[in-house]
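K.L.:
Got a structure here, written out as structure tokens. Questions coming.
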Amino acid sequence: MDEQITVFVNGAPVQIHRGMKVKHALIAFDQKIYAAAMDGRIIVEDSRGFRIGLEGALSTGARILTRPRNSPHCYDEK
Amino acid sequence: MNRSSRILLLAVGCVLAWAIPGHLQASQAVPITILHMNDLHGHILPYLDKTIREDKKVSGAATFAAIIQQERARNPAGTLLLSAGDMFQGTPISNVFKGEPVIEVMNALQFDAMALGNHELDWGRDALQQLRTAARFPFLAANISSTGGGGLEGARPYVLVSRHGVKMAVIGLITAEAAYSTKPAHVADLSFLEPATVLPELIKRARGEGAGLVIVLSHLGLDADEELARKVSGIDVIVGGHSHTAVTDPVRINSTIIVQAGYYGIYVGALGLEVDPKTSKIVRYTTRDVLRPVVADEHAPADSNIAALVERYNNEIKAEFARVVGKSEVDLVRQPMAESNVGNLIADAIREAGAADIGFQNGGGIRADLPAGDVTLEELYTLLPFDNLVVTMTLKGEQVLELLEASGDQHTRILQVSGLTVVYDMSRPAGSRVVQAIVQGEKLRPEAQYRVATNDFLAAGGDRFTTFKEGSNLVCGDTLRDVVSDYLSKHSRVKPEVEDRMAFKN
């Protein structure tokens, strides 16, 4: 297995060490996006539209997307 | 819309939320409910998480226990309660007691089985065995092989359970990436096998033992679960974890139903199946809204026994937080744009823990100054509030030089260093300001390889130190707080000083 993997954040390829998580991909992509995700100003989803946590694991080729939050609480987000 | 119209719509919605695969009828089917959690990471206390809700706490064992009991009461003889792993590591209340409070909660809730997650190996094998011994449910890991033969000690590949006369095999799988994300000493004698290679034989064996339904309890992540469902036939349900995905509506790949309940106990998953007891075929299943939010507000149900259990540990953790982990003879003071004594101490701890040539810590990750005297565990949490891990990697000297140049650029907070000294000439152009770099008493050689220890934030390229992303032979270690705590315990009294590890001239 390669030591580094490539994942895609908002369509852009991002290289991270294997075993790293969603938060690391956001840090590698744009630290401001990571800070916004930590504050809950944006939501992170996978390619199916399911919400994913910042500590979630990533595999090669994973696609994650960020978008502004629409609701005060994410349980209402669809 | 009038009341009757709303009721009609609700009824139609309920019908539509159940799928009927194939040509089978549900008339004689029996209900099976699969309740599930994953990636709890020790969150048995409610917590405020702005990424989920801004106004109310979420999760907490007392609330999710009550939800589980409510769901179970709807189908008491037909309910399974499963965990897809990573239940223990992650919060002080669980970490300090090495997962014991979580096991007690899980025992009280009568979990039927748990797949091992990669973080179950974080505290080493002895700690894992203590948890397994305390658990009144099996730990499952079908794709771990040990050099001594067999699998991981005490873990079973699968377990058979019956509900309403339907015999089910629950097979546990762990991500093969555990080999990368776990401290090497904890997995040195283990191989993590490709799930798709071990699963067909296990399914065959379980079917031979009478299993009608096959449930894979997976700590692989949703992408891998989908791939598994495409590659391996005969899996009825995958209850997943690892990717922390809130699968609000089940995913269907071929004939396999896949679910996952987010993370940190913010949801309880509740998948309803109707199964033909004669053929063990799933004739219907819930297709929408299978996650129950766990909001710990005043209206939420709470299990008083679980609340008492958690409160007992919470009181103990308060005492533990007052524990003195070390002593400092001097105030520990940050300097965001210069070398600091607390930065030196932390970088030294990182370097020692990683048995590395060089240690790096980002100044922004140090969040408090501490007065001279006793250093308590609580103070360590204020000093280092982020859940960073220490990681060690190999970098070439020229890459170390790039990092030092980026640090000296001073557009962002500088790196705190250990194992090296560096002199900058600030009159020179950015990118060529390092005029001297000494590593372990010798001049840094651009072509040489160095073992470099840092934290996972920097390893991901944080604070624009992107060269860390190019490191090789990455090894994960303990949390930064644990590393600093151990360092203080070992070296106290400490007296870190600013000692010109970084000198800026002109």
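K.L.:
Sort through B:I350, B:I257 and tell me the only one that's at pLDDT 95 or above, of a type in the set (A, V, I, L, M, F, W, C) and part of a helix (DSSP H, G or I).
P.N.:
Among B:I350, B:I257, only B:I350 is at pLDDT 95 or above, of a type in the set (A, V, I, L, M, F, W, C) and part of a helix (DSSP H, G or I).
K.L.:
Go through the stretch B:74-88 residue by residue and tally those that are out of contact with any strand residue (DSSP E or B) (no Cβ under 9 Å at 6 or more places or on another chain) and either more than 14 Å from B:G42 (Cα to Cα) or modelled with pLDDT under 95 (or both).
P.N.:
Final tally of qualifying residues: 1.
K.L.:
Name the residue that is most open to solvent (accessible area, probe 1.4 Å), counting only residues in the stretch A:62-78 that are within 8 Å of chain B (Cβ to nearest Cβ) and at pLDDT below 95.
P.N.:
A:K78
K.L.:
Which pairs do you get when a residue that is more than 16 Å from B:N362 (Cα to Cα) and in contact (Cβ under 8 Å) with a residue 60 or more places away in the chain, found in the stretch B:412-430, comes within reach of a residue that is aromatic (F, W, Y) and part of a strand (DSSP E or B), reach meaning Cβ atoms under 6 angstrom, with the pair 6+ apart or on two chains?
P.N.:
B:Y424/B:F504; B:M426/B:F504
Yes or no, residue by residue, for (1) within 16 Å of B:Q416 (Cβ to Cβ); (2) more than 34 Å from the chain's Cα centre (by Cα); (3) modelled with pLDDT of 95 or more:
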| site | (1), (2), (3) |
| --- | --- |
| B:R445 | no, yes, yes |
| B:F465 | yes, no, no |
| B:V483 | yes, no, yes |
| B:D486 | no, no, yes |
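K.L.:
Considering only the stretch B:265-285, state which residues are under 28 Å from the mean Cα position of the chain (by Cα) and within 17 Å of B:G240 (Cβ to Cβ).
P.N.:
Scanning the stretch B:265-285 gives B:G265, B:I266, B:Y267, B:V268, B:G269, B:A270, B:L271.
K.L.:
Can you pull out every residue in the stretch A:26-42 that is in contact (Cβ under 8 Å) with a residue 12 or more places away in the chain, open to solvent by less than 30 Å² (accessible area, probe 1.4 Å) and at the interface with chain B (Cβ under 8 Å from one of its Cβ atoms)?
P.N.:
Listed by number, the residues that qualify are A:A28, A:A37, A:G40.
K.L.:
Report, by residue number, each residue of the stretch B:90-109 that is touching a strand residue (DSSP E or B) at 6+ places or on another chain (Cβ under 9 Å), surrounded by fewer than 24 Cβ atoms within 10 Å (Cβ to Cβ) and of a type outside the set (S, T, Y).
P.N.:
Result: B:N95, B:L109.
K.L.:
Hey, another quick one. So which residues in the stretch B:439-467 are in a loop (DSSP other than H, G, I, E, B), within 14 Å of B:M393 (Cα to Cα) and touching a Gly at 6+ places or on another chain (Cβ under 7 Å)?
P.N.:
The answer is B:A448, and nothing else.
K.L.:
List every residue pair whose Cβ atoms sit under 7 Å apart, with the two residues 6 or more apart in sequence or on different chains, where the first one lies in the stretch B:169-192 and is closer than 13 Å to B:S146 by Cβ and within 14 Å of chain A (Cβ to nearest Cβ) and the second, anywhere, is open to solvent by 10 Å² or more (accessible area, probe 1.4 Å) and hydroxyl-bearing (S, T, Y).
P.N.:
Hits for this filter: B:S191/B:S145.
K.L.:
Report yes if some residue within the stretch B:427-434 is open to solvent by less than 30 Å² (accessible area, probe 1.4 Å) and either within 14 Å of another protein chain (Cβ to nearest Cβ) or farther than 20 Å from B:H491 by Cβ (or both); otherwise report no.
P.N.:
Yes, that holds for at least one residue.
Let's see how each residue does on (1) out of contact with any Ser or Thr (no Cβ under 9 Å at 6 or more places or on another chain); (2) among the charged types (D, E, K, R); (3) within 30 Å of B:T279 (Cα to Cα); (4) assigned to a strand (DSSP E or B):
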{"residue": "B:S145", "(1), (2), (3), (4)": "no, no, no, yes"}
{"residue": "B:L152", "(1), (2), (3), (4)": "no, no, no, no"}
{"residue": "B:V170", "(1), (2), (3), (4)": "yes, no, yes, yes"}
{"residue": "B:L199", "(1), (2), (3), (4)": "yes, no, yes, no"}
{"residue": "B:K204", "(1), (2), (3), (4)": "yes, yes, yes, no"}
{"residue": "B:L228", "(1), (2), (3), (4)": "no, no, yes, no"}
{"residue": "B:G234", "(1), (2), (3), (4)": "no, no, yes, no"}
{"residue": "B:V239", "(1), (2), (3), (4)": "no, no, yes, yes"}
{"residue": "B:T248", "(1), (2), (3), (4)": "yes, no, yes, no"}
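K.L.:
Something else about it: Scanning the stretch B:193-208 for residues that are within 14 Å of B:G234 (Cβ to Cβ) and open to solvent by 50 Å² or more (accessible area, probe 1.4 Å), which turns out nearest to the other protein chains (Cβ to nearest Cβ)?
P.N.:
Only one residue tops the list, namely B:P200.
K.L.:
Out of the residues in the stretch B:435-462 meeting the condition of being aliphatic (A, V, I, L, M) and closer than 16 Å to B:I350 by Cβ, tell me which one is nearest to the other protein chains (Cβ to nearest Cβ).
P.N.:
B:A460
The values are calculated or read from the model by the stated rules, or taken from the named source; none is laboratory data. Since we're looking at a predicted model, the values are computed, not measured. Positions of Cβ are backbone-derived with ideal geometry, glycine not excepted, and every protein chain shown enters the neighbour counts. These area figures cover heavy atoms from the full protein model, side chains too; ligands, DNA and RNA do not enter into them. Shrake-Rupley method; radii C 1.70, N 1.55, O 1.52, S 1.80 Å.
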